[in-house]
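See structure below.
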Amino acid sequence: MDETQIASLLKSSDLFPLPQSLKLSYGTAGFRGDATLLASTVYRVGILSSLRSLKLKPSTIGLMITASHNKVSDNGVKVSDPSGGMLSQEWEPFADQIANASSPQKLVSLIKEFVEREEISIGDGEGEVWLARDTRPSGEALLRAAEIGVSSVSGCVAVDLGVLTTPQLHWMVRAKNKGLNATEKAYFESLTTSFKCLIDLIPFNKSSGSKLVLDGANGVGGEKMDELLRGYLSNLDIEIRNTGRDGGVLNESVGADFVQKENVAPLGFGVNDVGVRCVSFDGDADRLVYFYVSSGEKIELLDGDKILSLFALFVKEQLNVLDNGCCRLGVVQTAYANGASTDYLNGLGLDVVFAKTGVKHLHEKAAEFDVGIYFEANGHGTILFSEDYVSLLVDKRKGLSEGSDEYNAVSRLVAVSKLINQAVGDAISGLLLVEVVLRHMGWSVQKWNELYKDLPSRQVKVEVPDRTAAVTTREETEALRPLGIQDAINGEIRKYKRGRAFIRPSGTEDVVRVYAEASTQEDADSLADSVAQLVKSFLGSS
Ligand code: 16G
Ligand code: MG
């Protein structure tokens, strides 16, 4: 790094002093916190993104400003790698170091050291970072901070894409680096073409389907869905509520996280909607859950596990037509997946594997298959198709007669690979695929819900002096530390029919989480309580 570069970094970082007492960790989903404290963080992540772009040149990196389902006064920042996936975990420690650097001098010396170690050549290359933000009012100013960070690295430019959903940005970054058309219009067109193709391939029931009501969480998802419906899919019958234009507050008693955690209808939904198929997005539209109001405020929730099961069934049906089509199909869940869903998927003869909580971990496992389907119970997930497998399908189709069962099955799989976001979970593309599969099966939301019945479950969180004292196995199903706690938990589990429980330190909050399920709600509650007691007695309560 030459003197001019060092001077430029020192000068721009003076504009963004680190607030006192701020201690951040890149965590499972980037940096998050109170928006008023984040300018220095976002500026520094701008620098990191430029360095990443230079390291992998020629490449475009994505930088998204969002705090997803968190409250509106929070914000956050995360980075998309050229593949459209999350920032490589190898760079996370550097992200933590620079975000917490106490002074401009310290910051610059960390950068200098890193640049040397990683052999990044600044000055002779061109770097590019694409920036986007969700609808939070703090987003615009934070985006300016990111721009300054990006352009303080010599040769790097920031491109402001304005308001987008998180998965749109990931999709566009991926497309750009593959040399494809990478505009928002191209995103909408790709979704529209593959959706229409799948609808045309529905064997009998070509009805346009009954109305769907979308809860947009008062965020970017409702807005973008509206654009898609107006501009591209005008004959889809979807009513959008909680658009954010009618005075509602982002994520406040609305959205996928609220509906899934509280198991109640979001604001704006109630008795008039009994039995109607409804779907909730989260604040940046990378999660979705379906539900219907059963009576009053009560809902039946169709969470990520149920969406996963629906998708797995559909993909498997196509593969069966092809005699399994030489395909290694796998499904990936986390320890939070309801045990009934895992039983169901095993019953379909599927290869079910478990990953640690957090999208990047599920994504990595799913990518090991030809077709890997992953979902967290909270509604984040997608279907990954390996490029080799898609090429194999496309070649295979050439030898099949048009309109044959095999030809149609191959065409469906190829269309799904284009519809469903290959970079990250995407509520808009997930919604379109659920709608296709329901029509394909001729199913109502109630019929879909009957695939299996969720086991009653309970989640609680325990505040402890040091959550890192709880250490788990890789898949988080068992605790390795504190010593002895797992035996004690097993002792509790044995007391209940179909009992299952685990603990894990949260990656986003200063707590240890407890999950329990059992054959009745009372048992699940009581198991959760006794495991929470164990956490307190082994780790102390704060
Ligand atoms: C983040 C993760 C989500 C995970 C959650 C767990 C991403 C994009 N998001 O929101 O996948 O379920 O953290 O939170 O990776 P926890 O560690 O506090 O339980
Ligand atoms: Mg989200």
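The values are calculated or read from the model by the stated rules, or taken from the named source; none is laboratory data. The structure presented is a predicted model; accordingly, all values stated were derived computationally and were not measured. In this analysis, Cβ positions are derived from the backbone assuming ideal geometry, glycine residues included, and neighbour counts consider all displayed protein chains. These accessible areas exclude ligands, DNA and RNA; they are computed on the full protein's heavy atoms, side chains included. Shrake-Rupley method; radii C 1.70, N 1.55, O 1.52, S 1.80 Å.
If you go through region 223-234 one residue at a time, do you hit one that is modelled with pLDDT under 95 and open to solvent by 10 Å² or more (accessible area, probe 1.4 Å)? Checked region 223-234: at least one residue is modelled with pLDDT under 95 and open to solvent by 10 Å² or more (accessible area, probe 1.4 Å). The residue list T508, T520 contains one member that is under 26 Å from I383 (Cα atoms) and among the hydroxyl-bearing types (S, T, Y), which is T508. Taking region 149-176 as the search range and keeping residues that are small (G, A, S) and assigned to a strand (DSSP E or B), which one is farthest from I61 (Cα to Cα)? Across region 149-176, the extreme among qualifying residues is G162. Against the definition (of a type in the set (F, W, Y), surrounded by 20 or more Cβ atoms within 10 Å (Cβ to Cβ), within 16 Å of ligand 2 (Cβ to nearest atom) and in contact (Cβ under 8 Å) with a residue 40 or more places away in the chain), how does F258 come out, yes or no? Here the answer is yes, as F258 does meet what is asked.
Each residue in region 192-244 was checked for being free of Cβ contacts under 8 Å to residues at least 40 places away in the same chain, assigned to a helix (DSSP H, G or I) and under 24 Å from the mean Cα position of the chain (by Cα), and 3 of them qualify. Answer yes or no as to whether L319 is touching a helix residue (DSSP H, G or I) at 6+ places or on another chain (Cβ under 6 Å) and either open to solvent by 30 Å² or more (accessible area, probe 1.4 Å) or farther than 20 Å from M86 by Cα (or both). Spelling it out, L319 is indeed touching a helix residue (DSSP H, G or I) at 6+ places or on another chain (Cβ under 6 Å) and either open to solvent by 30 Å² or more (accessible area, probe 1.4 Å) or farther than 20 Å from M86 by Cα (or both). Checking each residue in region 50-73 for being within 16 Å of ligand 2 (Cβ to nearest atom), in contact with a strand residue (DSSP E or B) (Cβ under 8 Å, 6 or more places away or on another chain) and over 13 Å from R133 (Cβ atoms) picks out only N70. Restricted to strands (runs of 3 or more DSSP E) entirely inside region 450-542, those with at least 2 residues that are in contact (Cβ under 8 Å) with a residue 40 or more places away in the chain and open to solvent by 30 Å² or more (accessible area, probe 1.4 Å) are 457-462. The condition of being open to solvent by 10 Å² or more (accessible area, probe 1.4 Å) and touching a Leu at 6+ places or on another chain (Cβ under 9 Å) does not hold for D134. Out of curiosity, is V410 open to solvent by less than 60 Å² (accessible area, probe 1.4 Å), more than 21 Å from N324 (Cα to Cα) and among the β-branched types (V, I, T)? For V410, the condition - open to solvent by less than 60 Å² (accessible area, probe 1.4 Å), more than 21 Å from N324 (Cα to Cα) and among the β-branched types (V, I, T) - is not met. Scanning region 374-403 for residues that are more than 16 Å from ligand 2 (Cβ to nearest atom) and within 16 Å of H363 (Cβ to Cβ), we see that the one that is most open to solvent (accessible area, probe 1.4 Å) is E387. The set of residues from region 29-82 being within 16 Å of ligand 1 (Cβ to nearest atom), β-branched (V, I, T) and out of contact with any Ser or Thr (no Cβ under 7 Å at 6 or more places or on another chain) comprises V45, I65. Taking region 282-296 as the range and being within 14 Å of ligand 1 (Cβ to nearest atom) and open to solvent by less than 10 Å² (accessible area, probe 1.4 Å) as the test, the residues that pass are D282, G283, D284, A285, L288, V289. Scanning region 62-112 for residues that are surrounded by fewer than 17 Cβ atoms within 10 Å (Cβ to Cβ) and among the charged types (D, E, K, R), we see that the one that is nearest to the chain's Cα centre (by Cα) is K71. Determine, yes or no, whether L9 is within 18 Å of S102 (Cα to Cα), crowded, with 19+ Cβ neighbours inside 10 Å and away from ligand 1 (no atom under 16 Å from the Cβ). For L9, the condition - within 18 Å of S102 (Cα to Cα), crowded, with 19+ Cβ neighbours inside 10 Å and away from ligand 1 (no atom under 16 Å from the Cβ) - is met.
The residue that is farthest from K55 (Cα to Cα), counting only those in region 150-177 that are open to solvent by 30 Å² or more (accessible area, probe 1.4 Å) and under 22 Å from the mean Cα position of the chain (by Cα), is V163. The residue that is farthest from N218 (Cα to Cα), counting only those in region 137-149 that are open to solvent by 10 Å² or more (accessible area, probe 1.4 Å) and of a type in the set (G, A, S), is A141. Candidates V462, V514, V471, V436: the one that is closer than 25 Å to I307 by Cα, modelled with pLDDT of 95 or more and within 16 Å of ligand 1 (Cβ to nearest atom) is V514. Among the residues of this structure, S59 counts as one that is open to solvent by less than 30 Å² (accessible area, probe 1.4 Å) and in contact (Cβ under 8 Å) with a residue 12 or more places away in the chain. Of the residues in region 420-439, none is surrounded by fewer than 18 Cβ atoms within 10 Å (Cβ to Cβ) and within 28 Å of D343 (Cβ to Cβ).
Looking at this structure, is L313 more than 21 Å from the chain's Cα centre (by Cα) and open to solvent by 10 Å² or more (accessible area, probe 1.4 Å)? It is true that L313 is more than 21 Å from the chain's Cα centre (by Cα) and open to solvent by 10 Å² or more (accessible area, probe 1.4 Å).
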